[in-house]
Amino acid sequence: MRMMPHTNKHNTQYMENNKVYFFDTTLRDGEQVPGCQLNTVEKIQVAKALESLGVDVIEAGFPVSSPGDFNSVIEISKAVTWPVVCALTRAVDKDIDVAAEALKYAKHKRIHTGVGTSDYHIKYKFNSNREEILERAVHAVKYAKKYVEDVEFYAEDAGRTDNEYLARVVEAVIKAGATVVNIPDTTGYCLPEEYGAKIKYLVEHVDGIDKAIISTHCHNDLGMATANTMAGILNGARQCEVTINGVGERAGNTALEEIAMILKAHKGLKLQDNIDTTKIYSISRTVSSLMNMPVQPNKAIVGKNAFAHSSGIHQDGVLKNLSTYEIIDPKDIGLDTNSIVLTARSGRAALKYRLKANGVDIEGEQLDELYQKFLRLADKKKEINDDDILLLAGAGPAGGRHIKVDYLQSVCGIGVKPVASIGIDIAGEKFEASASGNGPFDAAVKAIRKIIDRDTVIKELTIQSMNNGEDDTCKVHIQVEYEGHAYYGFGSDTDIVAAAVEAYVDCINKLRR
Ligand code: KIV
Ligand code: ZN
């Protein structure tokens with residue numbers, strides 16, 4: 001390991017490289033969130049949107065973890081052309097064999113393997129010691145190298161790993177052939193200064209660091225993921241691992257849109273990347289809809305209020321000159337501030353235009369069909385917004401369900417006992433039942449239980465209106481426990497009870513049979 005940082009000419013060369021590579025892990029780390037799982041068709045839709053956004057690497061899944069993930073990596077490999085397709089593994093031979101098999105159709109492929117390097121992981125997760133873990137890391141990289149040239153190594157919990165040991169591991173894996181070394185702040189613990197110093201330490205102390213790209217991978221547990229990623233980049237990291245809207249386990253990962261717009265806004269950093277920022281808004285909407293994961297209104301860059309100036313002083317300034325309070329142009333993220341509000345009088349062309357602005361490109365028969373659905377909704381609701389049309393476009397509950405609601409009639413109010421009658425279609429067979437309950441949803445669930453007798457417990461139910469107004473569409477997320485497992489469902493409708501029942505039926509469709 002090198003101890004004289006200032007004398008090494010390679011470091012300077014490395015720091016002069018001004019391209020930041022974007023590695024998107026929405027489909028792997030992002031998709032690990034309970035209730036956010038996508039099917040293969042939806043993952044392909046996201047992967048293609050990521051390709052047109054310009055990401056350099058798409059982490060498509062963890063193939064050994066499930067047949068679904070294995071299949072998604074295969075299909076994404078076939079579907080995209082330019083980005084590197086990456087598959088995650090543990091430092092386990094079998095994982096690497098399966099990842100290599102899943103990547104066989106990728107035009108550019110990478111295996112992402114690694115092991116925990118903090119003393120917490122070494123002691124409590126592996127019951128091992130530093131030397132054994134180092135050997136395991138080197139073996140995994142060499143083993144992956146048998147299959148692919150491009151091997152990324154992750155030192156899990158690097159944020160809490162002693163820098164000297166981390167540098168030894170990084171040096172050894174680069175010697176073994178790693179092309180990228182990922183330094184995850186897995187628990188989101190680091191302070192930006194600390195994380196930046198860690199990257200600097202590696203740049204200055206690892207022999208051969210110029211042969212690999214250093215990658216950041218920061219979690220947001222303490223709200224510092226973006227700051228830490230930037231600290232890493234400013235200290236020499238040249239790949240950032242990010243997700244759309246910052247989705248990811250717990251408090252999530254670093255948000256792609258935040259890093260991309262920081263690099264764009266701070267031109268003085270002289271850092272380049274491949275991201276077409278005008279696609280940010282549409283991919284944000286697509287991911288939010290497909291994952292049924294709302295974007296908080298005050299979310300940087302893509303939140304509903306990100307460009308809404310409401311205080312009098314701000315409005316006055318912005319009206320005089322945008323630069324008084326706006327540091328980025330909404331058009332830079334593809335936000336159409338002149339967005340057309342659709343109503344029952346809007347034609348197919350207006351609908352197609354709004355769909356396209358939201359990342360959905362359809363025409364012909366598909367557009368005709370959607371237009372009919374749109375007219376039906378417009379009969380119930382004065383103004384149709386982007387969320388409505390994304391839901392209509394099928395980003396809501398997945399089609400091809402085994403169990404469907406044919407009809408629902410509920411009676412409720414003040415001074416009457418709530419009663420629901422429901423018609424259910426189970427794979428083509430029709431069933432009907434009625435029940436009373438302490439509210440219209442309770443009555444409907446009791447009626448469903450007369451048809452489908454499962455001992456489910458509703459753990460959580462959230463009702464969210466999409467915009468405002470009494471005619472708004474509402475979204476319902478539900479969590480149900482059944483035989484010790486948690487299931488998540490989603491429904492949307494202008495009728496709250498119908499949306500909640502759809503969400504419940506969405507869950508029932510997913511119960512293990
Ligand atoms: O957060 C983390 O450490 C990870 C690794 C598996 C890369 O996601
Ligand atoms: Zn992670």
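The numbers here are math on the coordinates, done by the rules we state, and not lab data. As the structure is a prediction and not an experimental result, all values here were calculated from the model. With ideal geometry, Cβ positions are generated from the backbone for all residues, glycine too; neighbour counts draw on all protein chains shown.
For region 246-319, the Kirkwood estimate of hydrodynamic radius, built from reciprocal distances between every pair of different alpha carbons, is 14.1 Å.
Two numbers describe the Cα atoms of region 149-209: Rg and Dmax, which are 11.1, 34 Å.
Remark: region 156-171, residue by residue, has Karplus-estimated 3J(HN,Hα) of 4, 6, 4, x, 10, 9, 4, 4, 5, 5, 4, 5, 5, 5, 4, 4 Hz, where x stands for each Gly or Pro and the curve is 6.51 cos²θ - 1.76 cosθ + 1.60 at θ = phi - 60°.
Remark: for residue pairs Lys299/Lys380; Lys78/Lys198; Lys382/Lys475; Lys279/Lys299; Lys43/Lys175; Lys200/Lys331, the C-alpha separation exceeds 27 Å in Lys299/Lys380; Lys78/Lys198; Lys43/Lys175; Lys200/Lys331. For the pairs Lys142/Lys211; Lys304/Lys459; Lys107/Lys270, note any where the Cα-Cα span goes beyond 23 Å. With Cα atoms farther than 23 Å apart: Lys304/Lys459; Lys107/Lys270. Among the trypsin sites (Lys or Arg not before Pro) in region 202-311, those located in a DSSP loop and surrounded by at most 12 other Cβ atoms within 10 Å of their own Cβ are Arg250, Lys270. Hull volume per residue, based on the alpha-carbon atoms of region 408-481 and their convex hull, is 124 Å³.
For region 324-478, the share of alpha carbon pairs falling in successive 5 Å distance bins from zero is 2, 7, 13, 14, 16, 15, 12, 9, 6, 3, 2, 1, 0 percent. The GluC sites (Glu not before Pro) of region 425-473 that DSSP puts in a loop, and whose beta carbon has at most 10 other beta carbons within 10 Å, are Glu470.
Taking chymotrypsin sites (Phe, Trp or Tyr not before Pro) across region 102-187, the ones in a DSSP loop with at most 15 further Cβ atoms lying within 10 angstrom of their Cβ are Tyr105, Phe126.
Taking Cβ atoms as reference points and 14 Å as the exclusive limit, the residues near Asp332 contribute a net charge of -3, counting Lys and Arg as +1 and Asp and Glu as -1. For a modelled paramagnetic label at Asn71, 7 Å from Cα along Cα-to-Cβ, the residues of region 254-296 in reach, with backbone nitrogen under 19 Å, are 291. Net charge around Trp82, counting only other residues with Cβ within less than 10 Å of its Cβ (Lys, Arg = +1; Asp, Glu = -1)? The answer is -1.
Spacing of the modelled spin labels on Tyr482 and Glu149, each 7 Å from Cα toward Cβ, amounts to 4.9 nm. Grouping the Cα pair distances of region 44-138 into 5 Å bins from zero gives a pair-distance distribution of 3, 15, 22, 18, 14, 12, 9, 6, 2 percent in increasing distance order. Counting every alpha-carbon pair across region 320-361, the share separated by more than 14 Å comes to 58%. All C-alpha pair distances within region 91-250, sorted into 5 Å bins from zero, spread as 2, 10, 19, 22, 21, 16, 9, 2, 0 percent across the bins. The value of relative contact order for the chain, using C-alpha pairs under 8 Å at least six residues apart, is 10 percent.
If you take the beta carbon distance between Leu191 and Gln296 as r and set R0 to 30 Å, what does 1/(1 + (r/R0)^6) give as a FRET efficiency, to the nearest 0.05? That gives a FRET efficiency of 0.80. Counted over the chain, the DSSP beta bridges are approximately 50% antiparallel.
Peptide packing for 360-369, 227-236 was compared via the average number of neighbouring C-beta atoms within 10 Å per residue; ordered from the highest value, the list is 227-236, 360-369.
Per residue, the convex hull spanned by the alpha carbons of the chain comes to 171 Å³.
Among residues other than Glu429 with Cβ under 12 Å from its Cβ, the summed charge is -1 (Lys and Arg +1, Asp and Glu -1).
Using R0 = 45 Å, the C-beta based FRET efficiency linking Arg345 and Gln272 works out to 0.50. The orientation-averaged projection of the convex hull spanning the C-alpha atoms of region 190-318 amounts to 9.7 square nanometres.
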